[in-house]
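Shown next, in structure tokens, is the structure this report addresses.
Just so it is clear, none of the values below were taken in a lab; they were calculated from the coordinates. All of these numbers come straight from a predicted model, not from anything done at the bench. All Cβ positions, glycine included, derive from the backbone under ideal geometry; neighbour counts span all protein chains shown.
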Amino acid sequence: MFTGIIAAVGKITAIQHNAKDITISVDAGTLDLSDVKLGDSIANNGVCLTVTKLTKNGFSADLSHETLKRSGFAQIKTGFAVNLEKAMQMNDRFGGHIVSGHVDGVGEVTAVTPLGNAVEYWIKAPDELAKYIAEKGSITVDGVSLTTNEINGSAFKLTIIPHTIEQTTMVNYKVGTQVNLEVDLIARYLERLMLGDKASASKENNKSTMDMELLARSGFLG
């Protein structure tokens, strides 16, 4: 479990391609690795990865085919900068929001606008994630816990202060940048909970039932 408060920015130093997955080596930058051991979790741009090897200045981790398919790591290259956060401990200060490190989809930066000392970013999320994104709600972008300030369909606006920009990979964001998105964990569980006993039905039946119930509540069915 993570909080979305970035501790350091690292850099991908090597990529080993296996059958359908890869192993990456990461220079951890200023991240304190003194209490990290093999098997521990470190979020890299919001993706929870297991440490498989420790070096003097960094670590290695495996990325499965599923992780590559779901995240922006499909386009990963040597030199790629990554936001780093170690898994939280029970006595840690909870500065962000509940972040699982399981990416829901990849968004795209569509606008970058300076606003005084801050910067506004518009990010287009995949359409299927729009229902989980609420104005003034929480969302994780490349592992950073952020608050959405405005919503327009599946796009959302962020207003980011200089400290956050300087301490994360957001300093490199430009129009077209691909970013990992994780929606609010509570929203995902709430959707499932609302299905009630229907949760055990197949996906196709659930979709049909929910669509009919929505139409009925909206007055379209007699």
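Two decimals, Cα atoms only, Kirkwood Rh: what is Rg/Rh over the chain?
Across the chain, the Cα-based Rg/Rh ratio is 1.01.
What angle do you read, to the nearest 10 degrees and between 0 and 90, between the alpha-carbon axis of helix 203-217 and the longest principal axis of the chain?
Between helix and principal axis, roughly 50 degrees.
Which value, in debye to the nearest 20, gives the size of the charge dipole of the chain about its Cα centre, when Lys and Arg are +1 and Asp and Glu are -1 at the Cβ?
260 debye
Cross-link partners among aspartates and glutamates for Lys69, C-alpha distance below 20 Å, same-chain residues fewer than 8 apart left out?
Asp21, Asp104, Glu108, Asp127, Glu128, Asp142, Glu182
Tell me, what HN-Hα J-couplings in whole Hz come from the Karplus equation 6.51 cos²θ - 1.76 cosθ + 1.60 at θ = phi - 60° for each residue of the stretch 122-131, using x for Gly and Pro?
Along the stretch 122-131, the couplings run 9, 10, 8, 8, x, 4, 5, 9, 4, 5 Hz.
Where does the stretch 132-199 land on Rg/Rh, using Cα atoms and the Kirkwood Rh?
Using Cα coordinates only, the ratio equals 1.06.
Order the peptides 136-145, 174-183, 74-83 from the highest to the lowest mean number of other Cβ atoms within 10 Å of their residues.
Highest to lowest by the protection proxy: 136-145, 174-183, 74-83.
Sum up the charges of everything whose Cβ sits under 11 Å from the Cβ of Ile160, counting Lys and Arg as +1 and Asp and Glu as -1, but leave Ile160 out.
Net of charged neighbours comes to -1.
Could you state the angle between the C-alpha long axis of helix 185-194 and the longest principal axis of the C-alpha atoms of the chain, as a value from 0 to 90 degrees rounded to the nearest 10?
30 degrees
So which trypsin sites (Lys or Arg not before Pro) in the stretch 1-55 are both in a DSSP loop and have at most 15 other Cβ atoms within 10 Å of their Cβ?
Here the sparse-neighbourhood loop sites are Lys20, Lys37.
With a cut-off of at most 13 other beta carbons within 10 Å, and DSSP calling the residue loop, which GluC sites (Glu not before Pro) in the stretch 45-112 qualify? Please list them.
Hits after loop and neighbour filter: nothing returned.
Please order Leu146, Leu129, Leu38 by the number of other Cβ within 10 Å, starting at the fewest.
Arranged by neighbour count, lowest to highest, Leu146, Leu129, Leu38 become Leu38, Leu129, Leu146.
Arrange Ser34, Ser100 by Cβ neighbour counts within 10 Å, fewest through most, would you?
Least crowded to most crowded, the residues run Ser34, Ser100.
Around Glu66, with a cut-off of 13 angstrom between Cβ atoms, what is the net charge of the other residues, counting Lys and Arg +1 and Asp and Glu -1?
Summing Lys/Arg as +1 and Asp/Glu as -1 gives 0.
In the stretch 32-116, if every C-alpha pair distance is counted and binned at 5 Å from zero, what percent goes to each bin?
The calculated distribution, bin by bin, is 3, 11, 21, 22, 18, 14, 7, 4, 1.
Hey, got the dipole for the stretch 8-86? About the Cα centre, +1 on K and R Cβ, -1 on D and E Cβ, debye to the nearest 20?
Once rounded to the nearest 20, the dipole reads 220 debye.
Take the cross-link list Lys37/Lys124; Lys53/Lys136; Lys77/Lys136; Lys56/Lys136; Lys20/Lys198; Lys11/Lys157 and give me the ones stretching past 32 Å between alpha-carbons.
Over 32 Å apart, Cα to Cα: Lys37/Lys124; Lys53/Lys136; Lys77/Lys136; Lys56/Lys136; Lys20/Lys198.
How large is the helix-only mean residue ellipticity at 222 nm for the chain, computed as the sum of -39500 (n - 2.57) over DSSP H runs with n ≥ 4, divided by its residue count, in deg cm²/dmol to the nearest 500?
-4500 deg cm²/dmol
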